[in-house]
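To start, the structure itself, in structure tokens.
Laboratory data are not the source of any read-out in this text; all were calculated from the coordinates shown. These numbers come from a predicted model, not from an experiment. Note that we place each Cβ from the backbone using ideal geometry, even for glycine, and neighbour counts take in every protein chain shown.
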Amino acid sequence: MANDKKSAPSQAADNPSFAGFAFRLFLYLFLASLFFSVGNLHESLMPVQRLLAESAGGGANLAGADATVEGTIIRTDHAALDINHECTGIFVLLVYTMFVMAYPAPWRSRLSGAAVGWVTLNVVNVLRLILLTVIASRRPDWFAYFHEYFFQGLFIALLAILASIWTEQVRREALAGVSA
């Protein structure tokens, strides 16, 4: 009986609650958004915006879009795309990173999960901008749908998939550690 009482707090510490995770996640999201807003971080993303415009314009030209890039503006025959701070994917990156940081996992797993997620989300974002430039060049009437709906849904699904894959990997590593 005495051993059961001693192991109960240990088990509780090893088994963090969902409520604790949810609280940390919302706290981290709040703090990140507050820091982003109060710190005017969007103003420091201009170099990233220019790099994305160059990458997307170059990639779209490889696909035959005939786009020109001036700073953060990608011009086609039918449209001009302004790559602003929202186009950097910073908000998707923050949501994913805060999820990974809030999840009860070893720090090594959190850091590697965040790194893999950042690379994946940035690659998908560049591909999104390339495709949007091609769509603006060839089918400008489709642009609004793909920009506002399709790619927003794609990023929500991608966040869910990345989070699921990562949490499953963390769970398997924890189980492997218990059985070893």
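A few notes on this one:
- Being small (Gly, Ala, Ser), buried (at least 19 other Cβ atoms within 10 Å of the Cβ) and assigned to a helix (DSSP H, G or I) holds for only one residue in GLY117, GLY177, GLY153, and it is GLY117.
- Looking only at region 50-103, and only at residues there that are acidic (Asp, Glu) and in a helix (DSSP H, G or I), the one that is surrounded by the most Cβ atoms within 10 Å (Cβ to Cβ): GLU54
- Residues (over 18 Å from the mean Cα position of the chain (by Cα) and either among the acidic types (Asp, Glu) or surrounded by 15 or more Cβ atoms within 10 Å (Cβ to Cβ) (or both)) located in region 30-45: GLU43
- Options ARG128, ARG108; residue that is surrounded by 16 or more Cβ atoms within 10 Å (Cβ to Cβ) and of a type in the set (D, E, K, R): ARG128
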